[in-house]
Amino acid sequence: MELIIEKLVHRGAGLGRIDGRVCLVPRTAPGDRVRARIVRERPGWIEGELDELLSPGPDRVAPRCPVFGRCGGCQWQHLDAARQPFLKADILADTVRRLGHVELPAPAVVSGPPWGWRGRIELHASPSGQLGFFEAGSHRIVDCADCPIALPRLSSLIPPLRERVARHPPAGSTTVEPVAGADGSIVVVVRGCGSGLPVLAAQVRELPGVSGVILGVAQRAGTRWTTSGQVRVPWTVPGPEGPLTLQLDSRGFSQANPGLNTALVNAVVSAIGPEAPGQVLELYAGAGNLTVPMAARGLDVTAVEVNGPALADGRAAVRALGRSARFLPGRVEDVVRSLDRQRFDVVVADPPRTGLGPVAAALVALAPRRLVLVSCEPSTLARDLRVLTDGGFTVQAATVIDMFPQTWHIESVLTLTRGDPRDGPGRPDAGPVV
Ligand SMILES: C[S@@+](CC[C@H](N)C(=O)[O-])C[C@H]1O[C@@H](n2cnc3c(N)ncnc32)[C@H](O)[C@@H]1O
């Protein structure tokens with residue numbers, strides 16, 4: 001079937017039409033004329049696969065990586081890197097309109113270097129001695145000698161890691177995750193099962209550039225952790241008078257793109273507004289990536305996080321600053337219910353891909369003046385915005401921060417207010433928040 005790609009949609013595929021019916025074709029670009037094969041008829045749309053590029057659209061470029069198309073890590077190397085953030089802004093607005101029936105203000109766009117940005121990479125090792133990334137949608141391993149989206153020091157660790165895994169293959173499927181610290185260090189987290197894993201971990205520890213190894217061996221009673229060398233990695237966040245450093249446990253969540261983290265934090269802080277915002281409730285706080293910059297600016301923060309070690313890291317970082325914040329352990333769904341009698345002026349929420357879900361209705365009940373919502377998944381954001389706007393919030397501003405170049409993943413920061421929509425945050429002339 002021949003079709004012309006009109007635009008890109010959620011999850012990054014190109015949209016064309018066959019006899020008026022929508023056909024989604026991965027690895028195409030707007031304006032491409034392609035021959036596509038029908039893979040499956042879905043309710044309301046057709047799943048297609050690119051057979052032949054007949055003529056390229058203006059945003060199409062040659063992919064840089066030899067395993068592009070097989071490796072599950074990147075989906076967008078065929079698109080001009082300079083255009084990717086703008087294509088993401090269009091997809092964000094389109095997805096929120098289509099799934100949530102909410103109209104966003106035109107998103108602002110922030111981007112950084114399109115290559116060499118990933119600060120942690122998840123490699124997989126097999127009993128046959130292979131090491132690489134998973135193929136898209138499968139657990140087959142793609143052998144690769146490097147990774148152009150990883151920080152160069154992580155990418156250049158791939159060949160020696162492959163060599164060690166080939167010599168000491170694990171007994172079962174194993175992940176090998178090098179995590180880069182802001183000081184140039186690398187801590188490798190090795191997780192899997194089998195008695196041979198400590199030998200592999202010891203071999204990894206000897207590699208030049210590796211500052212520490214954390215080994216997690218799955219056992220009936222749970223994962224048994226042992227460490228060798230450095231365990232935590234330094235992580236930089238912007239403070240009011242310059243960068244601040246946190247020490248993160250490499251096993252916990254950290255933003256994948258350390259180079260754009262400052263932009264993310266600044267977007268959140270400026271969305272809160274320039275004036276004293278009163279009480280701030282931060283949901284899904286992780287190890288304090290947003291908590292510390294807010295506390296450093298003297299904000300009165302209550303942070304909620306389910307991961308105990310991450311919460312302890314955040315608490316230690318705030319204390320080391322000589323500042324204070326309240327840390328509440330537990331699931332946001334549960335903790336928020338216990339807060340219903342307290343007043344918060346601002347809520348900052350940075351949920352995982354699943355989004356706020358039932359927490360969106362709880363935020364309507366909590367009724368803060370403003371809400372700063374960080375999302376890494378437009379489809380769950382669309383669902384949450386439906387609930388929030390029905391509950392009286394108005395979206396004032398949206399920013400796409402291209403934290404994941406060469407992939408279809410979209411990170412955004414939205415500012416919402418209740419009450420008079422002209423009383424908006426994130427606007428240069430926004431007045432006091434309280
Ligand atoms: C996208 S991360 C954001 C972390 C932090 N804001 C940052 O920038 O690094 C989401 C965080 O939510 C936590 N989390 C996931 N589900 C949760 C839940 N139901 N209740 C509380 N925290 C949760 C995870 O442990 C993770 O730290």
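Quick check on my filter: what residues within segment 285-318 are within 12 Å of the ligand (Cβ to nearest atom) and of a type in the set (Gly, Ala, Ser)?
Ala285, Gly286, Ala287, Gly288, Ala303, Gly308, Ala310, Gly314, Ala317 - these are the residues of segment 285-318 that are within 12 Å of the ligand (Cβ to nearest atom) and of a type in the set (Gly, Ala, Ser).
Which ones in segment 323-353 are modelled with pLDDT of 95 or more, small (Gly, Ala, Ser) and more than 10 Å from the ligand (Cβ to nearest atom)?
Passing the criteria: only Ala325.
Here's a check for you: in segment 286-304, which residue that is assigned to a loop (DSSP other than H, G, I, E, B) and among the small types (Gly, Ala, Ser) is surrounded by the most Cβ atoms within 10 Å (Cβ to Cβ)? Explain how you work it out, then say what you get.
Kept after step one, since they are assigned to a loop (DSSP other than H, G, I, E, B), are these residues of segment 286-304: 286-290, 297-299.
Imposing the further condition that a residue be among the small types (Gly, Ala, Ser) reduces the set to 286-288, 298.
Working: Gly286: 23, Ala287: 26, Gly288: 31, Gly298: 10.
Per the stated criteria, the residue is Gly288.
Check off (1) part of a helix (DSSP H, G or I); (2) touching a Lys or Arg at 6+ places or on another chain (Cβ under 7 Å) for Gly355 and give me the number that stays unchecked.
Failed condition: (1).
Take the residues in segment 216-253 that are among the hydrophobic types (A, V, I, L, M, F, W, C) and under 24 Å from the mean Cα position of the chain (by Cα); name whichever of them is nearest to the ligand (Cβ to nearest atom).
Step one: filter segment 216-253 for residues among the hydrophobic types (A, V, I, L, M, F, W, C), giving 217-218, 221, 225, 231, 233, 235, 237, 244, 246, 248, 253.
If we keep only those that are under 24 Å from the mean Cα position of the chain (by Cα) too, we end up with 231, 233, 235, 237, 244, 246, 248, 253.
Values: Val231: 18, Val233: 13, Trp235: 9, Val237: 9, Leu244: 14, Leu246: 10, Leu248: 9, Phe253: 4 Å.
Step by step, filter segment 216-253, then rank; the result is Phe253.
Find the residue count for segment 233-253, including only residues that are touching a residue at least 40 places away in the same chain (Cβ under 8 Å) and either buried (at least 22 other Cβ atoms within 10 Å of the Cβ) or under 19 Å from Arg297 (Cβ atoms) (or both). I'd like the intermediate steps shown before the answer.
We begin by selecting, within segment 233-253, every residue touching a residue at least 40 places away in the same chain (Cβ under 8 Å); these are 233-240, 244-253.
Then keep just the ones that are either buried (at least 22 other Cβ atoms within 10 Å of the Cβ) or under 19 Å from Arg297 (Cβ atoms) (or both); that gives 233, 235-240, 244-246, 248, 250.
Residues flagged as touching a residue at least 40 places away in the same chain (Cβ under 8 Å) and either buried (at least 22 other Cβ atoms within 10 Å of the Cβ) or under 19 Å from Arg297 (Cβ atoms) (or both) within segment 233-253 amount to 12.
Given Val102, Val142, which one is in the same structural domain as Phe393 (by TED's automatic domain parsing) and touching a residue at least 12 places away in the same chain (Cβ under 8 Å)? Let's see the steps before the verdict.
Details: Val142 fails: in the same structural domain as Phe393 (by TED's automatic domain parsing).
Step by step, each of Val102, Val142 is checked, and only Val102 is in the same structural domain as Phe393 (by TED's automatic domain parsing) and touching a residue at least 12 places away in the same chain (Cβ under 8 Å).
Go over the candidates Ala398, Ala365, Ala360 one by one and state the one that is in contact (Cβ under 8 Å) with a residue 24 or more places away in the chain, buried (at least 19 other Cβ atoms within 10 Å of the Cβ), in the same structural domain as Gly239 (by TED's automatic domain parsing) and away from the ligand (no atom under 16 Å from the Cβ). I'd like the intermediate steps shown before the answer.
On the way: Ala365 fails: buried (at least 19 other Cβ atoms within 10 Å of the Cβ); Ala360 fails: away from the ligand (no atom under 16 Å from the Cβ).
Of Ala398, Ala365, Ala360, the one residue that is in contact (Cβ under 8 Å) with a residue 24 or more places away in the chain, buried (at least 19 other Cβ atoms within 10 Å of the Cβ), in the same structural domain as Gly239 (by TED's automatic domain parsing) and away from the ligand (no atom under 16 Å from the Cβ) is Ala398.
The values are calculated or read from the model by the stated rules, or taken from the named source; none is laboratory data. Please read these numbers as outputs of a predicted model, since none were measured by experiment. Every residue, glycine among them, receives a Cβ derived from its backbone with ideal geometry; neighbour counts consider all protein chains shown.
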